[in-house]
Amino acid sequence: MTKKVFIKTWGCQMNAYDSDKMSDIIAPLGYSATNKMSEADLVIFNTCHIREKATEKLFSELGRFHKNQLERAKRGEKTLIAVAGCVAQAIGPEIQRRAPYVDMVFGPQTYQYLPEMIARISRGNGSILNTEFPEEIKFDRLAETSSSGISAFLAIQEGCDKFCSYCVVPYTRGTEYSRSISAIAKEANRLVELGAREITLLGQNVNAYHGEDESGNIRGLDYLISRLSEIIDLKRICYMTSHPNDMTDEIILAHKNNPKLMPFLHLPVQSGADRILATMNRKHSADDYRKIIDKLRAARPDIALSSDFIVGFPGETTFDFKATLRLISDVGFAQAYSFKYSRRPGTPASAMSRQIGEELKEERLQELQALIRQQQDAFNHSSVGKTMPVLFENKGRNGGQIRGRTPYMQSAHAKASPDLIGQEVMVKITATKTNSLEGEVV
Ligand code: SAH
Ligand code: SF4
Ligand code: F3S
């Protein structure tokens, strides 16, 4: 019998990757994906716990879905509701208490058991809570990838041992684990067979990758990248997200020597003030970060940089905040994400004194984002007139246009035949639009 599954995903790319994996592993049970919740027999919320707002979204959505579940019940249709991801891991029992109609609550390390959990729940055996960190490696038991876009994600590492004082990830994803080189190579080959031309290697701390090769040697990200670049039809390799302390000289050198490794790096720094970096437990200074950037630029002068920033961390003074603005001015980013500090229960920073008021956080966020926007606009404008390879991924919104990305991960549109989708084509950039560049195929 065919059934429908609706998966709603919040959070990082790892969650998006996991959602695809969940979809693949239940396909043999007869589930096909739908984007209409009203026709779904199974609804999975894949959640994010990183900031309070992300977590609250779950409860408002659950309320909405419960109504839908009741409507369907009136028509004699059963709807299973599942909550997966980092909120499930962090506050599973609370979800069951606040939303008793949820059938299954399970954390990111248990997705391989999804078919068994569905079978159990369908037999009417109450509700399920599974937030274990099993010994068994989940990646090895997940189903083979069934489809791929031109640009694909591949998880190579999961978990984090860094314990930044504000962050829930080490608790929700567990300790660092790296997949083996052979398992990753197999999945990469499969993705390329299915049409992928660009692969973004994913991990909460991707540059801390240390996986085993076929001879049992432990290898770093630089080796993995060089191995994957042997796949002929794979044109582009990217990786995210990295930590400054794991940015080895070997990885930096790969940016110089490997033409398939894209000149783009997302390297979160969080703050430009050493005092704040210390209480964040980042274990690096602002100047350490500047030095890494200098090395990267020496190796690959055109590298485009991105970062994450937190404003209003406990104890952040105007002086500290100015130091962050100064770091941004010194480095010059092509883009960046920025957030107001959000107090997360159970993390050391949530118990720190001198928490910052909402108004001041908002003020600082606006100021920081204005500076980032300026740098992003300047970066995009500097592309106008240049000719660069664009990997086309899909059709654009306007008729006759196709959309792809530059080596610096900017979105770019051009009037061209859809036959070029999947190819890297030289494009002369002619203009910048709000969130995209425009160009002509040359
Ligand atoms: N190393 C991981 C970090 C995931 S969290 C990765 O980069 O994928 C992504 C970003 O969320 C962090 O870099 C940080 O800037 C932000 N963040 C994490 N915890 C936060 C908190 N408590 N409040 C505000 N922002 C936070
Ligand atoms: Fe969180 Fe820090 Fe680990 Fe990134 S490095 S996931 S911010 S604890
Ligand atoms: Fe969110 Fe978990 Fe990713 S908390 S950012 S979904 S690792």
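All of the numbers you see were taken from the coordinates with simple rules; none came from a lab. Given the structure is predicted, the values throughout are model-derived calculations rather than measurements. Backbone-built Cβ (ideal geometry, glycine too); neighbour counts: all protein chains shown.
One table, with the values for the structure above:
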| item | result |
| --- | --- |
| Under 5 Å, built H, 5+ apart or other chain: amide partners of ARG403 | GLU393, ASN394, LYS395, GLY396 |
| Highest-fluctuation residue, ARG197, ARG343, ARG354 considered, GNM on the chain with Cα pairs under 10 Å | ARG354 |
| Between the stretch 276-345 and the stretch 216-240, the Cα center-to-center distance that results, in Å | 27 Å |
| For the chain, calculated [θ]222 nm from helices alone, where every DSSP H run of n ≥ 4 adds -39500 (n - 2.57) | -11000 deg cm²/dmol |
| Cα shape, the stretch 387-441, gyration tensor, a/c 1.5 rule | rounded |
| Sorted by Cβ density within 10 Å, fewest first, the residues ASP274, ASP377 | ASP377, ASP274 |
| Residue order, fewest to most surrounding Cβ atoms within 10 angstrom, among PHE264, PHE319 | PHE319, PHE264 |
| Cα gyration tensor, the stretch 1-70 - rounded (a/c under 1.5), prolate or oblate | oblate |
| Greater than 31 Å apart at Cα, pairs in LYS4/LYS57; LYS67/LYS162; LYS36/LYS260; LYS21/LYS162 | LYS67/LYS162; LYS36/LYS260 |
| Considering only the stretch 387-441, percent of DSSP beta bridges that pair antiparallel, nearest 5 | 85 percent |
| Amide H partners (placed H, <5 Å) of GLY211, local residues excluded | ARG219 |
| Potential extension, ASN217-GLU39 segment - 0.36 nm per residue separation minus Cα distance | 59.2 nm |
| No Cys partner within the rule (Cβ under 4.7 Å), the chain | CYS12, CYS48, CYS86, CYS160, CYS238 |
| Cross-link reach list, lysines versus LYS256, counting only Cα pairs under 18 Å and skipping chain neighbours closer than eight places | LYS235, LYS291, LYS295 |
| Gain upon complete extension [THR317, SER122; 0.36 nm per residue less C-alpha separation] | 64.7 nm |
| Charge tally in the Cβ shell below 15 Å around GLU359, where Lys, Arg are +1 and Asp, Glu are -1, GLU359 excluded | -2 |
| Cα gyration tensor category, rounded, prolate or oblate, for the stretch 1-156 with a/c compared to 1.5 | rounded |
